[in-house]
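The values are calculated or read from the model by the stated rules, or taken from the named source; none is laboratory data. Bear in mind the structure is a predicted one, so any value in this text is a computation, not a measurement. Here Cβ is always computed from backbone atoms with ideal geometry, including for glycine, and neighbour counts include all displayed protein chains.
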């Protein structure tokens, strides 16, 4: 990313960029800054063209060859089109060949969450352009990011409080930024952001609430687990969404448990489940509260409840409560 920062300072940009990875907010932030330097406002520029959705190879190639209007360059953006996946390999053969001869009058940006590094398109992009992977920020990086952002508003935050903020809202940068805006507005007269400010104004991430619910299952705190579920229902969270996230969390725990038992390192596990290392470590600790058999039983119960709901034979709110009751041991 240092190269991108340097280019933003100097204004010396290349002809081809591939941004990929799960932290799409950061990727789009860099894209917006670079586009602004290249052509000004996207909305007002006749030298900006963006493609989303279906792959239209000929139109993309035409856009790259079109001369800029009263400017030195035009920008073409291909956003989230799954260009690098095997299923689309034949649809981008011409584009892959064209990457080595993009004219000096154009800059092409490719943005994807996932790429197949074995694909010809990826190899061509790596050879002829700038390839940057945008991973989720680690916990320490997020803590520093929060401190910098709050400092711009004349506020401080202690490290422990910053971690509490991350635990509350999650690690996705877009959500972090949105919750930070609320926090700054709420604590506008206060020089130091506190846990109380966070608890009063920040919306707790649904995934974190479900994580806490599963933690209660692991520690056999049945009433607390049911209380967390009722809190979600009071907030009008759809039971279908809660069941989906509950099943997902149990699958993650089973996956990390099996990988840990097979001797995989925490870093390898984090990479496999596509979560920041500090989040993967939290899942490893939680997985230690369950046996494989117990996780499989809980997952099977989730599947059973989902099937009965789809068949119209069970109310989903009751079904989720049954999952929590049957999988919280003999706890209270």
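Results for (1) at pLDDT 95 or above; (2) under 14 Å from residue 218 (Cβ atoms); (3) not assigned by TED's automatic domain parsing to the domain that holds residue 211, shown as yes or no for each residue.
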| site | (1), (2), (3) |
| --- | --- |
| 240 | yes, no, no |
| 247 | yes, no, no |
| 253 | yes, yes, no |
| 256 | yes, yes, no |
| 271 | no, no, no |
- Note on the structure: When (1) closer than 30 Å to residue 296 by Cα; (2) within 17 Å of the chain's Cα centre (by Cα) are applied to residue 175, the one that fails is (1)
- Query: Is at least one residue of region 73-86 under 24 Å from the mean Cα position of the chain (by Cα), modelled with pLDDT under 95 and over 22 Å from residue 27 (Cα atoms)?
  - Reply: yes
- Message: Tell me the residue from 111, 99 that is in a helix (DSSP H, G or I) and either in the same structural domain as residue 274 (by TED's automatic domain parsing) or in contact with a strand residue (DSSP E or B) (Cβ under 7 Å, 6 or more places away or on another chain) (or both), please.
- Response: 99
- Query: For region 109-128, how many residues meet the condition of being farther than 19 Å from residue 25 by Cα and touching a helix residue (DSSP H, G or I) at 6+ places or on another chain (Cβ under 7 Å)?
  - Reply: 7
- Message: Looking at (1) modelled with pLDDT of 95 or more; (2) out of contact with any strand residue (DSSP E or B) (no Cβ under 9 Å at 6 or more places or on another chain), which one does residue 136 not meet, given that it meets all the others?
- Response: (1)
- Does region 151-159 contain any residue that is in a loop (DSSP other than H, G, I, E, B) and either outside the structural domain of residue 193 (by TED's automatic domain parsing) or crowded, with 18+ Cβ neighbours inside 10 Å (or both)? yes
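So that you can scan it fast, the table gives a plain yes or no per residue for (1) closer than 18 Å to residue 323 by Cβ; (2) surrounded by fewer than 20 Cβ atoms within 10 Å (Cβ to Cβ); (3) touching a residue at least 40 places away in the same chain (Cβ under 8 Å); (4) in contact with a helix residue (DSSP H, G or I) (Cβ under 6 Å, 6 or more places away or on another chain):
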| position | (1), (2), (3), (4) |
| --- | --- |
| 251 | yes, yes, yes, no |
| 256 | no, no, no, yes |
| 265 | no, yes, no, no |
| 268 | no, yes, no, no |
| 271 | no, yes, no, no |
| 277 | no, yes, yes, yes |
| 289 | yes, yes, yes, yes |
| 293 | yes, yes, no, no |
| 302 | yes, no, yes, yes |
- Message: Checking residue 290 against (1) modelled with pLDDT under 95; (2) assigned to a loop (DSSP other than H, G, I, E, B): exactly one of these is not met. Which one?
- Response: (1)
- For region 159-189 the number of residues that are under 13 Å from residue 142 (Cβ atoms) and touching a strand residue (DSSP E or B) at 6+ places or on another chain (Cβ under 8 Å) is 2
- Taking region 37-76 and keeping only residues that are surrounded by 14 or more Cβ atoms within 10 Å (Cβ to Cβ), farther than 17 Å from residue 103 by Cβ and touching a strand residue (DSSP E or B) at 6+ places or on another chain (Cβ under 6 Å), one is left with 42, 50, 51
- Item | Residue in region 314-332 that is free of Cβ contacts under 8 Å to residues at least 24 places away in the same chain and more than 18 Å from residue 213 (Cβ to Cβ) present | yes
- In region 160-183, which residues are more than 13 Å from residue 204 (Cβ to Cβ), surrounded by 15 or more Cβ atoms within 10 Å (Cβ to Cβ) and touching a residue at least 40 places away in the same chain (Cβ under 8 Å)? 171, 172, 173
- Task: Just give me the residues in region 178-202 being in a helix (DSSP H, G or I) and more than 22 Å from the chain's Cα centre (by Cα), in sequence order.
- Result: 184, 185, 186, 195, 196, 197, 199, 200, 201
- Taking region 10-25 as the region of interest, how many residues are surrounded by fewer than 20 Cβ atoms within 10 Å (Cβ to Cβ), out of contact with any strand residue (DSSP E or B) (no Cβ under 8 Å at 6 or more places or on another chain) and within 28 Å of residue 172 (Cβ to Cβ)? 2
- Expected single match for farther than 21 Å from residue 170 by Cα, within 26 Å of the chain's Cα centre (by Cα), part of a helix (DSSP H, G or I) and modelled with pLDDT of 95 or more among 226, 295, 284 is 295
